[in-house]
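Worksheet: the structure to be examined is printed underneath.
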Amino acid sequence: MSGLMDGKRGLIMGVANDHSIAWGIAKVLRQHGAELAFTYQGEALRKRVAPLAESLGSKLIMPCDVEDIATVDAVCDTLRESWGSLDFVVHAIGFSDKNELKGRYADTTRANFSRTMVISCFSFTEIAKRAAALMPNGGSLLTLTYGGSTRVMPNYNVMGVAKAALEASVRYLAADFGPDGIRVNAISAGPVRTLAGAGVADARLMFNYQKAHAPLRRTVTIEEVGGSALYLLSDLSSGVTGEIHYVDSGYNIISMPRPDVLKA
Ligand code: NAD
């Protein structure tokens, strides 16, 4: 199967460590021949991200905090100077104040609502616009979402609202950039034990609940998310855009808990 991404160059945003979903995606893309550039959020993360990126042969490893648009512009400038053009972007970035990822959504503050929306949702639009300018021959943009966007998950709160807006952004961006041959999709991943995932109260409980009730009776690995990302970022999915693709062991199709578990 190697060679699917031969000759393709892409940017991976959102690796914090080797548990990150973005890292699972990066490994699979590299296995299939992609050349990768990476961003890291701040100096503290550089020492974790740089060795990982280098282990996949990457030479472009750049700081980027999406709250500071100048750093996003700097990344795009470097990509233009180094590569000239870009084939794909993986946006695996999300943040909300941990203190508001518990209790009621109704208690979300205005400040955290705005910050969560900018980092977890609007940054994808800002990056898509800049990346599209580097894709004269078309390309593929991918972001990560979660099922708390469409159904209420305890404690997910404002992140659920941000993910709903992110998914709507995927559809609007797909319509905007479709005429340029640029596809825009999202993967809705099941729960994964990551830094961001651990920020939601009772994360372990949600993890075990989905494991018990998903049709596949397990959660997903970051490499499985990587496999679906490979499809969405490669020419295999050339006719697919504006899609929210679930990689969650089928949990999203379930309506009620398993009777055998409820009776036990
Ligand atoms: P993670 O903690 O490994 O990754 C989150 C990344 O977001 C980190 O690399 C962090 O540096 C980055 N980030 C946060 N604020 C940023 C900012 N201001 N500028 C630049 N980068 C910033 O966790 P993850 O679970 O791999 O998260 C990746 C994506 O997957 C997120 O969008 C998350 O919501 C989504 N997701 C996670 C799960 C899960 O259960 N872990 C499930 C579905 C979707």
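The values are calculated or read from the model by the stated rules, or taken from the named source; none is laboratory data. This structure is a prediction, so every number in the text was calculated from the model and none was measured. We place every Cβ from the backbone using ideal geometry, glycine too, and count neighbours over all the protein chains shown.
So which pairs qualify, if the first residue must be in segment 156-168 and at pLDDT 95 or above, the second must be assigned to a helix (DSSP H, G or I) and among the charged types (D, E, K, R), the Cβ gap must be under 8 Å, and the two must be at least 6 apart or on different chains? Going by the 8 Å Cβ cut-off, the qualifying pairs are Asn157/Glu100; Val158/Glu100. In segment 110-133, the residues that are farther than 18 Å from Val184 by Cα reach residues that are buried (at least 17 other Cβ atoms within 10 Å of the Cβ) and of a type in the set (Ser, Thr, Tyr) with C-beta atoms within less than 6 angstrom, at least six apart or across chains, in these pairs: Thr116/Ser96. Residue count for segment 101-116, restricted to those that are under 16 Å from Ala196 (Cβ atoms) and either in a helix (DSSP H, G or I) or of a type in the set (D, E, K, R) (or both): 4.
Filtered by the rule that a residue be closer than 11 Å to Ile244 by Cα and either more than 13 Å from the ligand (Cβ to nearest atom) or among the basic types (Lys, Arg) (or both), segment 142-158 gives no residues. Checking Val220, Val225, Val261 one by one, the residue that is of a type in the set (Val, Ile, Thr), outside any loop (DSSP other than H, G, I, E, B) and touching a strand residue (DSSP E or B) at 6+ places or on another chain (Cβ under 6 Å) is Val225 and no other.
Table: residues versus (1) in a strand (DSSP E or B); (2) within 14 Å of the ligand (Cβ to nearest atom); (3) more than 19 Å from Ser123 (Cβ to Cβ).
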{"residue": "Ser140", "(1), (2), (3)": "yes, no, no"}
{"residue": "Leu173", "(1), (2), (3)": "no, no, no"}
{"residue": "Pro179", "(1), (2), (3)": "no, no, yes"}
{"residue": "Val184", "(1), (2), (3)": "yes, no, no"}
{"residue": "Ser188", "(1), (2), (3)": "yes, yes, no"}
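Candidates Val72, Val118, Val66, Val49: the one that is within 22 Å of the chain's Cα centre (by Cα) and farther than 23 Å from Val158 by Cβ is Val49. Remark: Arg193 matches the filter, which requires a residue to be touching a helix residue (DSSP H, G or I) at 6+ places or on another chain (Cβ under 9 Å), basic (Lys, Arg), within 13 Å of the ligand (Cβ to nearest atom) and modelled with pLDDT of 95 or more.
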